[in-house]
Every structure is written in C-alpha cells, then in structure tokens.
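In what follows, a single structure is set out as structure tokens and then discussed.
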Amino acid sequence: MSRKTNTLETMRFALELLKRIPKTHKVSAQELLKQLTDAGFQRDLRTVQRQLDELTHHFEIERDDRSKPYGYQWKQQAKGLSLPSLTDKESLVLA
C-alpha cells in the first residue's frame, strides 16, 4: 500500500481501530487487521501495528509484549472510547 491517506481517513481508521479493541480479552494486530479489512479498510499489518503503538501512548490501552504476537486490550480501569465526554485534549486531537 503506497497510497497516502488524508487526515480524515486516518482519523476514521483510528476510531474504528479503537472501537475494535476489547476490554475483556487481548486481540492481536493480525486479528484487528482482519476485522478492519472486513469492514472495508485497506491497510497492511505494519500500518495497524504502528497505529496501535501510537494509540497505546494516548489512550488507556495496554500492549502485552511478553510474547509475539502482541495482545492489545483496554486497561481494566479504562472507560474505553466515550465520545460524549471527551477531554479538551481529546477534542483537539479529533478536530
């Protein structure tokens, strides 16, 4: 995939990825890629991995990197993705 995506498409992809990260169990980047592909997003595995890495820095998502493939899930105390109650920082990121 050498196609450069625009900012809105990147945001849609990130939000879709956030929605698919479970709270009760871990999911691999490969599993998320399959779900996203089924939903019509055309990305490669490395793009999904990079996006997940970025999301773990900005949201309460944990990455289990004890073995490969890494597993991702929302932290237990995390509220998940709740758009109606965005912080000022999250609102700015979305804008």
With only helices counted (DSSP H, runs n ≥ 4, each -39500 (n - 2.57)), the per-residue ellipticity at 222 nm for the chain, to the nearest 500, works out to -14500 deg cm²/dmol
Entries of K34/K89; K19/K79; K34/K79; K26/K68 with Cα pairs more than 20 Å apart
K34/K89; K34/K79
With Rg and Dmax of the Cα atoms in Å as the read-out, I listed [x] 13.2, 38; [y] 12.7, 36; [z] 12.5, 33; which label goes with the value calculated from this structure?
[x]
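Read-outs throughout are calculated quantities, based only on the coordinates presented, and are distinct from any laboratory measurement. Please read all numbers here as calculations on a predicted model, not as lab measurements.
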